[in-house]
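Asks: Sharing a structure here in structure tokens format.
Every number in this text was worked out from the coordinates using simple rules, so none of it is lab data. Given the structure is predicted, the values throughout are model-derived calculations rather than measurements. Here the Cβ positions follow ideal geometry from the backbone for every residue, glycine too, while neighbour counts run over all protein chains shown.
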Amino acid sequence: MTTIKTVSSLSADLDAPTQSLLGLAALAAELAAQGVSVKDLFARTGVRPWQLEDPQARISHRQRLTIYRNARALSKRPDIGLLAGARQRISDYGILGYAMVSSSTFGEALTFSLEHITMAGPVVAQISLSIEDGSAILRSHGVESLGGLLPFTAEFWRSSMTALFSRVLEAPFPSTRMIFPFRAPAHWRNYERMFNCPIDFGAESMEWHFGASLLDYPCPNANPITAQVCQQFCDLVMAEQPGEADLVRQIRVACLNSSTRFPPAKEIAAQLGLSLRTLHRRLAQDGLSYQSVLDDMRRTVATEFLQNTHLLIDQVAERVGFADATSFRKAFRKWTGQSPTHYRRAG
């Protein structure tokens, strides 16, 4: 067995607003077709219908699970998860979807999606990707915490990802086997029709199998420039902090539009139509400096990668804008008081 990637997908604080609403539009659309309003779908969650259209909106893990419970209770059909997931489009996953579809190979698209899985609203503690006897296997870990909501979340997640992967490949996704740790529901035949592969129920694990050779399959819409821009944007989204100042958010967007990920203050000031002095003054009013904003962005993205992926230290260093691993290690120790390696082990 060769483990390619393992990610820890949930925040330690299940009430923290760390997840976007990516993917929920398809669920709302399926329920709307059944005569259920978005307002009812979001009842007792604190989430407002207009937030579906707000890319900055964030919800917690518990809020997402409540939305799922509402969907299951309100739907007129027991296979609501399968039906809703099948509606997913690339645009429903925003910049993450576009980053995937423009990747060079399906393997690159898949590993990128796993590295940024927190953007897609995961509901399990950990996801791993491994190669065993010519099969690629995605495993979901910690599913027992979902209790009775597990069948719905499994249906919605698998159906959503099948639809998304099929759009990345511009062809039906060739799953070879799916394994679920719950009894076959009354609509089990819909699984076979939806996934077009053998289905095992009542297992001790939750797995998704497909041919490992698919990882090398070229994506039909591969575009290295688009992929780079989208991937950079996803990294910056991961660094967002709830309630951050408008100027900080503008700096983040300006960094995205720069030819270099973390450009000098003079360049950003020019992009924002400010003098360098005004930029520094406005940041100082919030107790910030330009360097502290960049460092916070780098630190947040770096800790996300160290906690949730198996990227090598020099790969993390490159992703957060350092020329070499030595400089990154020095900066990371300054930010956190720990080396990247120790931080990863402690997490």
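Asks: Find the Cα radius of gyration of the range 251-347, compare it with 2.2 N^0.38 Å by division, and give the number to two decimals.
Replies: Normalised Cα radius of gyration, the range 251-347: 1.17.
Asks: Under 12 Å from the Cβ of HIS280, count the other residues' Cβ atoms, weight Lys and Arg +1, Asp and Glu -1, and hand me the total.
Replies: Net charge around HIS280: +3.
Asks: Rounded to the nearest 5, what % of DSSP beta bridges with both residues in the chain are antiparallel?
Replies: Values: 25 of 27 bridges.
Among the beta bridges of the chain, antiparallel pairing accounts for roughly 95 percent.
Asks: Oh, and also: Please report the spacing between the Cα centers of the range 208-230 and the range 273-287 in Å, no decimals.
Replies: 41 Å
Asks: Run through every distinct alpha carbon pair of the range 59-122 and return the Kirkwood hydrodynamic radius in angstroms, one decimal place.
Replies: Details: mean 1/r = 0.0744 Å⁻¹.
By the Kirkwood definition, the hydrodynamic radius is 13.4 Å.
Asks: Per residue of the chain, what 222 nm ellipticity follows from adding -39500 (n - 2.57) for every DSSP H run with n ≥ 4, rounded to the nearest 500?
Replies: Numbers: 16 runs with 169 residues, N = 347.
Only helices count here, giving -14500 deg cm²/dmol.
Asks: Return the sequence-ordered ³J(HN,Hα) values of the range 180-187 in whole Hz as given by the Karplus equation 6.51 cos²θ - 1.76 cosθ + 1.60 applied to θ = phi - 60°, using x for Gly and Pro.
Replies: Per-residue couplings from phi come out as 10, x, 8, 5, 4, x, 4, 9 Hz.
Asks: What is the magnitude of the charge dipole of the chain about its Cα centre, with +1 placed on the Cβ of each Lys and Arg, -1 on the Cβ of each Asp and Glu, and no other charges, expressed in debye to the nearest 20? Kindly include the intermediate steps, with their values, before the conclusion.
Replies: Values: 36 positive and 32 negative charges, 152 e Å.
Using only the charged Cβ atoms, the result is roughly 720 debye.
Asks: Continuing with the same structure: Sorted by packing (mean other beta-carbon atoms within 10 Å per residue), highest first, where do 125-131, 26-32, 280-286 land?
Replies: Numbers: 125-131: 17.6, 26-32: 20.6, 280-286: 13.7.
Peptide ranking by packing, descending: 26-32, 125-131, 280-286.
Asks: What number comes out for the charge environment of ARG183, summing +1 per Lys or Arg and -1 per Asp or Glu over other residues with Cβ under 14 Å away?
Replies: Details: positive: none; negative: GLU155, ASP200, GLU204.
Summing Lys and Arg as +1 and Asp and Glu as -1 gives -3.
Asks: Tally Lys/Arg at +1 and Asp/Glu at -1 over every other residue whose Cβ is under 15 Å from the Cβ of GLN88; what's the total?
Replies: Values: positive: ARG87, ARG89, ARG158, ARG167; negative: GLU30, ASP92, GLU155, GLU170.
Once positives and negatives cancel, what remains is 0.
Asks: Between THR326 and ASN223, with labels modelled 7 Å along Cα→Cβ, what's the label distance in nm to one decimal, could you check?
Replies: Distance between label points: 4.0 nm.
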